[in-house]
Every structure is written in C-alpha cells, then in structure tokens.
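Only the coordinates and a few stated rules stand behind these numbers; no lab work does. Treat the numbers as computed from the prediction; the structure is a model and nothing was measured. Positions of Cβ are backbone-derived with ideal geometry, glycine not excepted, and every protein chain shown enters the neighbour counts.
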Amino acid sequence: MRFLIVEDHPLFREALEGALRMVAPAADILEAISIDGALEQVAATIELDLILLDLSMPGTTGLSGIIRIRKAFPKIPVVIVSGHQDRQIMSAALSLGVSGYILKSSSKQELAQSIGEVLRGAVCVPAAYRALVRPQRASGPAQDLLKRLHELTPQQLRVLEMLKRGLQNKQIAYELKISETTVKVHVSDILRKLNVISRTKAIVEMSRIDFATLAAEGASAKHDRAQSE
C-alpha cells in the first residue's frame, strides 16, 4: 500500500507514520509539507491508497487545501487529521467528500484504528460527531458556495488562494510562472463562477467558509505542541 502524509510539523508526521505502520507495516509512506508539494507527490505517484491531510498548511487556509486535492485527484480517499473540533468545520469537510476526520489528540492506537476503518470503506469521525456522517441536505449560503467552489479548476483555486493573500496580478503571474493576461482570465472566470462582481467580494465569500483564523490557530497549536514536546 502507498500513503501520503501532508503535514508540516515533523513530530506529528512521525506520529502519523507510526500509526500507518501499525495498519500496514510494509507500506510505502510519502510525505509533503505543503499543498503544492502534496499535489506534486500525487501527480508523480502511480497509485495512492490514502492521503492524510492537515487543514492548517503553508499556503492555504481552511477548506481550500481539501478542495484543491479533491479537484485534482477525486478518486483518492482523503482523511483530515486536525486539532480543530469545530462541528461546522467537520461538516463542511465531510460535504467535500473526505473519507474521515481524525483529531490530533487521538492516541497512536486510535489513529491506527480510524485509518483502518477508512481503508475498509467506512467514513470515520470522532464518536461525538457521528451524526455528521449522515448525508447533508443543507442548502444554505455556505453550502451553495461550496458547490460553486467545486466548479473552479485546480489552477483557479491556486489563484483564488493568492487573491486571498492579497497578491496582485503581477505577483500571481510571477509565482505561477504564467502571464498577467492569463491571470486576468483566471480572475474573470473565478468571479463568474462564484457569482461575484469583484476580487474583494470573492475574498469575502471565501472567508464565509474558509475560517480565516484557522491558519493562525493551527500555527499556534503546533507551536504549543512543539514547546511541550
């Protein structure tokens, strides 16, 4: 079997690798410390059985990392491993088709058990949140926005991330190694698909589901864990 761990904290990558070895001792375990790195790893890998993804990764916030990976590789199961126990975040992640949501506070044995359940075809969440696994029929504004985000291409999602970071077209073109004209086309398509009239409106719409404080909270939690360890 072959797994990919997408986590920028080395000690927790080690913990996840240990849990995976308990499930499949001979597995090939790949690692990435960013969403871009994860996408490169997956693209270069012939076959992958599971991706373990931290929500708080460099270059992405909230749900956008899930969306980019799910858009690029929809057939690969993705399990979120996070320190956040917010019901709204879990519900939104599950609505994007992830195969599980595992808390970082879980023991290595609990991590291994949850991973095993996912590999057997189950959707795994903490016991207190199992009602969230039931099909979601919500049709509120956030749910509608998630559907619209699914219409964006992987490259458009990257551009949207950069817009959210405050980058201008010239900076986006430089980072993505494309022309400013191409960036303008992507921005126009993003505004059309999100049904908004400006870049600012697009960023505001993203913030409604992308939990703007998630990256900062995740970084703080990782710092606290590193200090305690």
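Arranged from highest to lowest average of other beta-carbon atoms within 10 Å per residue, in what order do the peptides 115-121, 154-160 appear?
Ranking, from highest mean packing down: 154-160, 115-121.
With a 10 Å radius around each residue's Cβ, average the other Cβ atoms per peptide and rank 164-170, 30-36, highest first.
Answer by packing, highest mean first, reads 30-36, 164-170.
Taking a cut-off of 17 Å between Cα atoms, list the lysines near residue 104, but don't count ones fewer than 8 places away on the same chain.
222
Quick one: compute the contact order of the stretch 2-133, relative version, from alpha carbon pairs under 8 angstrom and 6+ residues apart, as a percent.
Over the stretch 2-133, the number comes to 23 percent.
Give me the Kirkwood hydrodynamic radius of the stretch 2-133, using the inverse of the mean 1/r over all pairs of distinct Cα atoms, in Å to one decimal.
Computed over the stretch 2-133, the radius equals 14.5 Å.
Can you give me the C-alpha center-to-center distance between the stretch 27-57 and the stretch 97-127, rounded to a whole angstrom?
Their Cα centres are 17 Å away from one another.
In this model, which of 71/193; 147/170; 170/201; 147/201 are farther than 24 Å apart at the alpha-carbon?
Where the Cα-Cα span goes over 24 Å, the pairs concerned are 147/170.
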